[in-house]
Amino acid sequence: MHFTLRSSRFRQLAASVALAVLALPALAQDTKIKFQLDWRFEGPSALFLVAKSKGYFAQEKLDVTIDAGNGSGNAVNRVASGTYDMGFADLAALMEFTANNPTAPGKPVGVMMVYNDTPAAVLALKKSGIRSPADLKGRKLGAPVFDAGRRAWPILARSNGLDPAAAAWTSMEPALRETMLVRGDVDAITGFTFTSLLNLNARGIKDEDVVVLPYPKYGVRLYGNAIIASDALVKQKPEAVKGFLRAFARAARDVMANPEAAIKSVKERDGLIDEKLELRRLKLAIATAIATPSAKAEGFGQVSAPRLSLMASQVSDVYATKTRVDPKTVWISTFLPSAAELNVFPK
């Protein structure tokens, strides 16, 4: 009986040890984060893919899955629904969602600015005679109905003394936008500079034959794309959000310092991309939206409170939202890395 008691205790001890060993991997598991891009795997997505390929996310104890997207609005919706934990989306799209769904629980928030200046621009062929926003009066403009530049057109128009109704709009699918410009179906288009200019190149149009009117150059102070996070992630796993942003800042520094090397991470994810083309797209994105004078003045990843309030007011007016956009409900800066970690621009 003494032997039986000892055997029973031994078995109990062994079982307890086994359960403890089995539990260890669960305790050590990295936090899983599903991340939704705003578009396909292209040059600018190197900012996220470098953090993945170099193990920066893993070093923060994060298991990050990065998926391609199909527009900022969809990215916001998918983070809001809980399908994704974080995403990359136009801040205006986030503002619109928040103001149109005031009673919805768990609305996403912006946690880090990436495109300090909106990449939106008007593009026209030089032969059209268009040289400035004033020349758009009475012209036919084209863009998909959800295009950021089209939606912000009233802001550009009013900033340059134009009646927003002075130009007529033609709608089309994204894939037809540049083709219709080349064919002469429209006089000008709106789109992201680093997308539409390269699409025009692909259709045989040289840079010198294109007029680009960037929104920021003509008085539009809108922010562009930001990293957004779900309400659940922000409230339940704040350290994961901080870790993600630290890893992203490290990757951004690498991308700024060596875009040529960074584009390899995009090629690894999508072997069909044209590396030369996507490198040019990445460099254009850096020059026109990321490493801009305003970004350097405000600090990478950060926003200016007065500018954010102005954008909230403009989006409320132009997008005709159900309620006014409250800047405090769309932006949280407490997860940002330190100033030293945000020092990503080469000197």
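The values are calculated or read from the model by the stated rules, or taken from the named source; none is laboratory data. Bear in mind that the values here come from a model prediction, so they are computed numbers and not experimental data. Every residue, glycine among them, receives a Cβ derived from its backbone with ideal geometry; neighbour counts consider all protein chains shown. Heads up: the accessible areas ignore ligands, DNA and RNA and are worked out on the full protein's heavy atoms, side chains in. Shrake-Rupley method; radii C 1.70, N 1.55, O 1.52, S 1.80 Å.
Annotations for the structure displayed:
- The listed residues Val303, Val111 rank as Val303, Val111 when sorted by accessible area, largest first, using a 1.4 Å probe.
- Springs between Cα atoms under 10 Å define the GNM used for the chain, and in it the highest mean-square fluctuation of Leu222, Leu310, Leu47 occurs at Leu310.
- Counting only alpha carbon atoms, the long axis of helix 238-257 and the longest principal axis of the chain meet at about 50°.
- Accessible area ranking (1.4 Å probe, heavy atoms, ligands and nucleic acids excluded), largest first, for Ser196, Ser294: Ser294, Ser196.
- C-alpha long axis of helix 259-269 to longest principal axis of the chain, angle in °: 70 degrees
- Value at 222 nm in deg cm²/dmol, rounded to 500, when DSSP H runs of n ≥ 4 in the chain each add -39,500 (n - 2.57): -13500 deg cm²/dmol
- Percent carbon-and-sulfur accessible area, the chain, ignoring ligands, DNA and RNA, probe 1.4 Å: 55 percent
- Pairwise label distance in nanometres, Asn101 with Asp270, each label 7 Å out on the Cα-Cβ vector: 2.6 nm
- Among beta bridges that DSSP assigns inside the chain, antiparallel share in %, nearest 5: 60 percent
- Rounded tilt (10° steps) of 91-100 against the dominant C-alpha axis of the chain: 80 degrees
- Computed over the chain: relative contact order in percent, which uses C-alpha pairs under 8 Å that are six or more apart: 26 percent
- Entry note, the stretch 118-201: relative contact order of 45 percent, from Cα contacts under 8 Å with a spacing of 6+ residues.
- Electrostatic dipole magnitude of the stretch 138-273 [Cβ: Lys, Arg +1; Asp, Glu -1; Cα centre; debye, to 20]: 480 debye
- Largest-first ordering by accessible area, 1.4 Å probe, given options Arg40, Arg250: Arg40, Arg250
- About the Cα centre, charge dipole magnitude for the chain (Lys/Arg +1, Asp/Glu -1 at Cβ), debye: 580 debye
- A 1.4 Å probe, protein heavy atoms only, puts the accessible area of Phe146 near 130 Å².
- Cβ-derived FRET efficiency at R0 25 Å, Glu208 paired with Ala68, nearest 0.05: 0.20
- Signed unit charges on C-beta, dipole axis of the stretch 211-347, positive-most listed residue Ile227, Ser304, Ile263: Ser304
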